[in-house]
Structures are given as structure tokens and as C-alpha cells.
Amino acid sequence: MSIWNWQQAFDGVAAGYQISLGEADTPILKSRFIGPRVGLKNLYFKIESANPTGSFKDRYAAVAVSHMLANEQTKCLATSSGNTGAALAAYCALANIECHIAVVEDAPLGKLQQMHAYGATVHRIEGFGTQPETTQAVFDELETASSADNAALQISAFRYSPVGMNGLKSLSYELQTQLPDGIDHVFCQAGGGGLALGVALGFLDIEKSAGTFSPPRVHIVQPEGNDTMASALRFPDDSPRAVDCWTRISGLQVASVVDGQEAVDACHKTEGNGFLVIDDTVWECQRTLADTEGVFCEPAGAVSVVGAITAFQMGHVQADDIVVCPITGSGFKDPASVSRMNQNRDCPSLSLENFQQLFEQ
């Protein structure tokens, strides 16, 4: 399987230019512990961390880089907080395309090492991702540089890379196939808003083509420290806005609006809502997902789950509702968060004799 099995999800790319690392067709797992514990009978995890480079961004990168091949572009200019860069670097390596990535200053080491391993040139920029003015200035600079005939700007946002981002619609098509009896809610973590926008547009496309299909409510979940659009979806009088970002959740540190307005509009059409979560609660959920569900994710991957629980506790979700939470990235992406998760768990060195005694007690 690959994303090219879902041609209806994005603008077509000629077969001779379609590259793939086996992305998409990711598992969906029903919660055996967290859902029953909090009272959600039908809580599902969409394991996007099972994609080739460990995140949902492979859906975007496969289409974006294939489109570059079709247009004979040989230089990729990109921005990333980590997962986008890793995905683009991998697919550019496969396509023999030069890849340059501007990353946020505190991008996790695991993601930086992954980009380097694929051969990308990586630049960390002070204030990028946390300061709105700096973030926008980086976007503008790259947009100008990408005007060369052989170059393409690849930012994982519909505003900048609509063709590639249409690949995210494939997630909606898969969910419809995996849960054919219907879905009531999908909770999407948001930095720039591209995931929520892609998922909402995918379900709205299905509704348009199927006629009788009723799309699930697509919700936006953000850390309190990066509320660029969640409150705007929740309160109709608010609008998406740039913020001074202070969340410590890697991957969701996007101070500028990017796809915020479009994401709010699309989620509103599905009757979605916006929810804010606390960093410490996200880290605790990351730990619980690993040691009770066997789901090893980076902190951003747990944000959707915390959002679903928050919505249920606030009365926006019913106990019998079918709820889906994308687990967007692997725990291997963020070694520092894993160290935090395991800070009270030691692994002492034992002699063979002491090891054998453990089993004699």
C-alpha cells in the first residue's frame, strides 16, 4: 500500500513520477485502557507514527516531492519543527533532489539527526517558530528564494504547498474505510493547522461525493501556549491570531497563523470545536499511552488524546461516541521527552548471579 491508492485525495501526478516509501495505510487501534478508564467506550488511535519516517508528514512529502519530480525541480527549500523536515529529506533522498531545511531553534535532536541522515542541509534559526515576526520573515525569505525555476518551496501548509498538503486528505479516506459504521469525532493536534484542515477537507469531499455521508466533527486541539486558532474555532467572535509561543510541545510551536483561518472555517463546517491542553498533562498522557496501550509517541502525538478527554469531561462528547485521535509522531523523534518520561525508571547493571537471584525469590 501507498498513498497513491487514494488518487482522489489530491491532484494527480503522472504515474512515472509517483514515488513512495510505503506511506499511508496506517493501523487504527481501539483503546483498551485509557478510553475505558475515563468513560469513552469507543476511543481509537490512528497510528500515524507507523509511516516510514515516523510521522503523518510522509503523506504530504510523498505527494509534494513527486510533484517536484514531475515539474523537473531539483532543489527543495523547506521549513520545519522536525517531522516535516525528516519526511521531506527522506523523499528528496529517494528522488535525488537537493534539500535545504530551516528549522526551529529548539527542534529535538532526534529529528535533526534524522534529517542529517537523509543528507539534508539543516539550518537552525534563532526565534523561528516562537516569535511571529521572525517566523514570518523566514517564510518570506524562502518564498522569494524559491522563485528560481529549479526550486520549490515546501512548507507543510496549504497556504504554501497546496498540492502536497492535499495528501493529508488520504487520512480521512482511510478512516472511512477502517470505521465504515461512522465516526462521530476526530481530534486533530494543531501547530500551523494543516492536519485539521486536510482531515476536514477530506471528509467534506467524501460528503460531497457520497451525498448521504455525514462527516465527523473535526476538532482542533492546541497547547495553551500556542493558541493561534483553537479559541477562534470555539468562540465565533474570535479570529486566528499570531502569538508569542511558549508551549514546550515540540512540533506544535507555530507562532504565526499559517493555515489557521482556513482550518477554522473547514472545521466549523463539520461542527467542530477548539480545545486547549496543558503541557504537563500532555507529557503524562504520553507516558500513559506507552505503558498502558503500548503506543510510543512524541508529546505532540498525545495532544489529540488529551483533547478528546477534555472534550468528554466538558460534555462535548458522549460516552458511546466513536472518537478518533491521530497519533502523529513516534517517540523516537524526541529523545528528551522520552528521558523525561523515564526519569524515575532506572536500569542498573547486574551480575549474572544477581540476575539469577531475581528469579529465585
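The values are calculated or read from the model by the stated rules, or taken from the named source; none is laboratory data. The structure presented is a predicted model; accordingly, all values stated were derived computationally and were not measured. Note: ideal-geometry Cβ built from the backbone for every residue, glycine included; neighbour counts use all protein chains shown.
Per the conditions (1) outside the structural domain of Tyr118 (by TED's automatic domain parsing); (2) outside any strand (DSSP E or B); (3) crowded, with 24+ Cβ neighbours inside 10 Å; (4) touching a residue at least 40 places away in the same chain (Cβ under 8 Å), the sole criterion not satisfied by Leu43 is (2).
Taking the criterion of being surrounded by fewer than 17 Cβ atoms within 10 Å (Cβ to Cβ) and charged (D, E, K, R), would at least one residue in the stretch 304-327 satisfy it? Yes, because at least one residue in the stretch 304-327 is surrounded by fewer than 17 Cβ atoms within 10 Å (Cβ to Cβ) and charged (D, E, K, R). In the stretch 152-177, of all residues being touching a Lys or Arg at 6+ places or on another chain (Cβ under 7 Å) and among the hydroxyl-bearing types (Ser, Thr, Tyr), the one that is surrounded by the most Cβ atoms within 10 Å (Cβ to Cβ) corresponds to Ser156. Inspect the stretch 178-185 for any residue being touching a Ser or Thr at 6+ places or on another chain (Cβ under 8 Å), crowded, with 17+ Cβ neighbours inside 10 Å and touching a residue at least 24 places away in the same chain (Cβ under 8 Å) and give the result as yes or no. There is no residue in the stretch 178-185 that is touching a Ser or Thr at 6+ places or on another chain (Cβ under 8 Å), crowded, with 17+ Cβ neighbours inside 10 Å and touching a residue at least 24 places away in the same chain (Cβ under 8 Å). Do you know which residues across the stretch 3-23 are within 16 Å of Leu171 (Cβ to Cβ), at pLDDT below 95 and buried (at least 20 other Cβ atoms within 10 Å of the Cβ)? Those that are within 16 Å of Leu171 (Cβ to Cβ), at pLDDT below 95 and buried (at least 20 other Cβ atoms within 10 Å of the Cβ): Ile3, Trp4, Trp6, Ala9, Phe10. Note on the stretch 270-291: among residues that are of a type outside the set (Ser, Thr, Tyr) and touching a Pro at 6+ places or on another chain (Cβ under 8 Å), the one that is nearest to Ala230 (Cα to Cα) is Leu276. Beta carbons closer than 8 Å, at least 6 apart along the sequence or on distinct chains, pair a first residue in the stretch 246-262 that is among the charged types (D, E, K, R) with a second that is part of a loop (DSSP other than H, G, I, E, B) for Asp259/Ala157; Asp259/Phe158; Asp259/Arg159; Asp259/Gly192; Asp259/Gly193; Glu262/Phe158; Glu262/Arg159; Glu262/Gly193. Pairs are defined by a Cβ separation below 8 Å, a sequence spacing of at least 6 or placement on different chains, a first member in the stretch 219-238 that is assigned by TED's automatic domain parsing to the domain that holds His316, and a second member that is of a type in the set (Phe, Trp, Tyr) and surrounded by 17 or more Cβ atoms within 10 Å (Cβ to Cβ); the pairs so defined are His219/Phe187; His219/Phe275; Ile220/Phe275; Val221/Phe187; Val221/Phe275; Gln222/Phe275; Ala230/Phe275; Arg234/Phe275.
Name the helices (runs of 4 or more DSSP H) wholly inside the stretch 214-320 in which the number of residues that are over 24 Å from Ile34 (Cβ atoms) and within 17 Å of the chain's Cα centre (by Cα) is 2 or more. Give the derivation first.
Values: elements: 230-234, 260-269, 279-288, 299-313.
The qualifying helices (runs of 4 or more DSSP H) are 260-269.
Out of everything in the stretch 191-218 that is among the charged types (D, E, K, R) and either surrounded by fewer than 20 Cβ atoms within 10 Å (Cβ to Cβ) or free of Cβ contacts under 8 Å to residues at least 12 places away in the same chain (or both), what residue ends up being farthest from Thr310 (Cα to Cα)? Out of the qualifying residues, it is Lys208. Listed by position, the strands (runs of 3 or more DSSP E) enclosed by the stretch 61-171 that each have at least 2 residues that are among the polar types (S, T, N, Q) are 75-80. Selection of the stretch 186-230 for residues being at pLDDT 95 or above, more than 15 Å from Asn273 (Cα to Cα) and among the aromatic types (Phe, Trp, Tyr) yields only Phe203. Every listed requirement among (1) in the same structural domain as Gly307 (by TED's automatic domain parsing); (2) in contact (Cβ under 8 Å) with a residue 40 or more places away in the chain; (3) at negative phi is met by Thr130 save one, (1).
For the stretch 321-335, the tally of residues that are over 14 Å from Tyr44 (Cα atoms) and outside any strand (DSSP E or B) stands at 5. Looking across the stretch 56-78 at every residue that is hydroxyl-bearing (Ser, Thr, Tyr) and closer than 18 Å to Phe158 by Cα, the one that is nearest to the chain's Cα centre (by Cα) is identified as Tyr60.
For the stretch 336-352, which positions are outside any helix (DSSP H, G or I) and surrounded by 10 or more Cβ atoms within 10 Å (Cβ to Cβ)? Give the derivation first.
Of the residues in the stretch 336-352, the ones outside any helix (DSSP H, G or I) are 342-351.
Those that are outside any helix (DSSP H, G or I) and surrounded by 10 or more Cβ atoms within 10 Å (Cβ to Cβ): Asn342, Leu350.
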